[in-house]
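The values are calculated or read from the model by the stated rules, or taken from the named source; none is laboratory data. Note that this is a predicted model, so its numbers are computed, not measured. Positions of Cβ are generated from backbone atoms using ideal geometry, with glycine treated the same way; all protein chains shown enter the neighbour counts. Just so you know, the surface numbers come from the protein's heavy atoms only, side chains and all, with ligands and any DNA or RNA stripped out. Shrake-Rupley method; radii C 1.70, N 1.55, O 1.52, S 1.80 Å.
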Amino acid sequence: MSFDVLSAILVIPAVSAALLAVLPGYRQTAKLNVVAALATFLTSLSLFVVEPVSGQYLLVDDLNKVFIVLTTLVSFTTSVFSASYIQHEIEIGRLTPAFLRFYHAMYQTLMFAMNLALVANNIGLMWVAVEVATLTTVLMVGIYRTHEALEAAWKYFILGSVGIALALFGTILVYMAARPVVGEGLDGMVWTVLVKHAAQFDPALLNVAFVFLLLGYGTKVGLAPLHAWLPDAHAEGPTPISAVLSGLLLNVALYALLRFKMMLAVNLAAIAPGPLMVTMGLISVIFASLMLYRRRDIKRMFAYSSIEHMGIIVFAFGMGGPLANFAGLLHMTMHSLTKSAIFFAVGHIAQVKGTQKIADIGGLTVTNPVLGWGLMLGVVAIVGLPPLGIFMSEFLVVSSTFSHAPWLTVILVLGIIIALGGLLLRVGTVMFGEPKGPTAPAEASYVPMFAHLALVLMAGIYLPPGLVAGFQNVAKLLG
Amino acid sequence: MSSLQFDIAHLLAGSLVLASFMMLYQVRLYALLNVYALHAGVLALSVAWQAYVQQAPHLYLTALIALVFKAIIIPVALHRIIKRLGIHREIENVIGIGLTMMAGIGLVALSMVVMLRVTPGADALAREDLAFALSVVLLGLLVMVTRRNAVSQVVGFMSLENGLVLAATGAKGMPLVVEISVAFSVLIAFIVIGIFLFRIRERFDSVDVQALDRFRGERR
């Protein structure tokens, strides 16, 4: 039974990907996509009930349970949004049914790859999964075949591949460090074995390995200065993919980084990964928040906001300690939910207005009140205003840092405030300016967006004790 | 391990670095592809030698993949693509050949210093292999950043992956999963690239990445 749950979250997307690749008819396939994503989500929930047995290849512990449930939840809601989004794209002829078959198959392949990366107990397998996830998203980013989409996909492909190659080099170095201690063969790749013996590894080799891993997986997380692919990929791909990239794929790369951080923490002679992560996190926050001011494209703007928030999250995990880790986990969850909700809104807005240019969108609260206020709520949440969830988590990050390193807090808060100003400034005209562009009512699916926002609002007001206990447990694991 | 075995392994890995250097100064696409084929061939030899020295039969498979797939099929296919697109002219370099070579020498020195310093515990063969592998990876990166042409960026990326295979085989007893995955990723990468080249061609009538630069940044 226990084995079944673990393999089911991999088998369901894999089988549906194969099915979706051959089935015709976009209405049916969009529905099948939703059903498959829902089935995966429900299966992942059962991880809380049964305790799967971990093997040499797959692993479930408290850390990745959080990630798996979040990933499958957002995958499911995004597939619901995707169904209505895609219908509109078909109607206006931006996508053809043949491309759609490809799109749905790739969507499920991406789910499979992300789930595999999350449950892999083998650092080689984890690397392969992240690579597959990168390639599927490259193909999806380029799906519109416009100049911009091609450039974005090419840039993403080149930078993503180089990043992933550096991560592989780091992985090989970890194996080299492990070999004298745990012996040759598979054991040197199994994460649980590595953590158990990491104290005896050669620290110098581990240090170099971590630098490569940080650069490699950090590229995928979108940390400045390795972020160049991210705004383009988010802006030019289909909006459901922007939501999944921002809400999930960045987390998956972060998760890989956290696993290696846990391994390094065991070895006292190795460098502390914390300061490196703190530095990159802060650079990302400051850089991205400054970049928010001169954006002209609304999706690109929220992509920079994702860089900012990944920076905050990496900063929190870099600071370490139970409270900062707790805050980092909470912030990651809140960011995934909020940012995907924002992209749901932005996707429909761009469809209604026929443009992504901020200058051509105006007065949304008048022309499309539900979408407009939905986006407004999302933006209020993402800039960290109370009483929403992100305020809570940002407050926790800041307050937990304050006692250790007040100066870092100053920089972080500065970044957050600059970002707040930038986003509100830009979004103000979009929301309350003079109405511009077509005013036709949107055929939107509001449920996923408001479901996410409701969760974020709830988290800001009341966190269920069960969730808090679970996160605290994970935070302790992370050290 | 006898010193002869060691010397041969050393020679082959060193030749790979040399082949990477040869890539740096090629000015024509066909020539670059030929050097890449040579690169992959040397890699295959090197991996096969490691298989013999380490008595690890599964590495022969990796060597075979490198020989057939990377040294023959990919270069031939890319040759055809280049011919079909009619782009077999000179490669535009971002910076001069001399500067590129200097940068290359610097990178090799850097990887030697870094890898040899951090691996005193590892056995001699593995650590030298690792140092050479890192050089190949960094030189591949250098090829990628100094070329404007999409095809030569791809070749740079593939030579970078060759360096990773060298590192993986040098790490004694590393499970097969990694070698397969590297070969696999090259395969997928190639498909992706193939599709992209044709699409880029479709849109720009050129595979010069400069043509893409016009669209960089914000929409206007």
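Using +1 at the Cβ of each Lys and Arg and -1 at the Cβ of each Asp and Glu in the protein assembly as shown, identify which of B:P175, A:A405, A:T109 lies farthest towards the dipole's positive end.
Value computed over the given set: A:T109.
Take peptide A:174-186, look around each residue's Cβ out to 10 angstrom, count Cβ atoms belonging to other protein chains, and average those counts.
Neighbouring Cβ atoms belonging to other protein chains average 4 per residue here.
Could you give the size of the charge dipole of the protein assembly as shown about its Cα centre, using +1 on the Cβ of each K and R and -1 on the Cβ of each D and E, expressed in debye and rounded to the nearest 20?
Dipole size: approximately 1260 debye.
Using only helices, what value at 222 nm comes out for chain A when you add -39,500 (n - 2.57) per DSSP H run of length 4 or more and divide by the total residues, to the nearest 500 deg cm²/dmol?
Dividing the helical sum by the residues of chain A leaves -26000 deg cm²/dmol.
Normalise the Debye intensity by I(0) for the stretch A:329-479, one equal point scatterer per Cα, no solvent, then take log10 at q = 0.17, 0.21 Å⁻¹ and round to two decimals.
Cα-only, vacuum Debye calculation for the stretch A:329-479: -0.97, -1.27.
What's the percent breakdown of Cα-Cα distances in the stretch B:1-83 across 10 Å bins, shortest bin first?
19, 42, 27, 10, 1
Total accessible area buried between chains A and B, 1.4 Å probe, in Å² to the nearest 100?
So the buried area, both faces added, is about 4500 Å².
For the protein assembly as shown, with all protein chains present and a 1.4 Å probe, just round the carbon and sulfur fraction of the accessible area to a whole percent.
70
How shielded is A:19-31 by partner chains, expressed as the average number of their Cβ atoms within 10 Å of its Cβ atoms?
So the per-residue partner count for this stretch is 0.
Shielding by partners for A:122-132, please: the mean number of other protein chain Cβ atoms within 10 Å of each residue's Cβ.
Across the residues of A:122-132, the mean count of other-chain Cβ atoms within 10 Å is 4.
What percent of all Cα-Cα pairs in the stretch A:143-271 falls into each 5 Å bin, going from 0 up to the bin containing the maximum distance?
With 5 Å bins starting at 0, P(r) equals 2, 12, 19, 19, 15, 11, 9, 7, 5, 2, 0.
Could you give the size of the charge dipole of the stretch A:322-438 about its Cα centre, using +1 on the Cβ of each K and R and -1 on the Cβ of each D and E, expressed in debye and rounded to the nearest 20?
Approximately 200 debye in magnitude.
Kindly give the semi-axes, whole Å and largest first, of the ellipsoid equivalent to chain A, taking each as the square root of 5 times a Cα gyration tensor eigenvalue.
After diagonalising the Cα gyration tensor, the semi-axes are 34, 26, 20 Å.
Only helices at least 24 Å long along their axis, Cα-based, and averaging 0.5 or more on Kyte-Doolittle count here, so list those DSSP H runs from chain A.
Membrane-span-like by this rule: A:2-22, A:26-45, A:62-91, A:97-119, A:123-141, A:147-182, A:203-221, A:250-266, A:273-291, A:298-319, A:322-353, A:406-432.
Sum up the charges of everything whose Cβ sits under 12 Å from the Cβ of A:A469, counting Lys and Arg as +1 and Asp and Glu as -1, but leave A:A469 out.
Every neighbour counted, the sum reads 0.
Check which residues have an amide H placed less than 5 Å from A:D297's amide H, if you skip close sequence neighbours.
Amide H neighbours of A:D297: A:I358.
Given labels modelled 7 Å from the Cα in the Cβ direction, how far is it in nm from A:T146 to A:A469?
Spacing of the two 7 Å Cα→Cβ label points: 5.1 nm.
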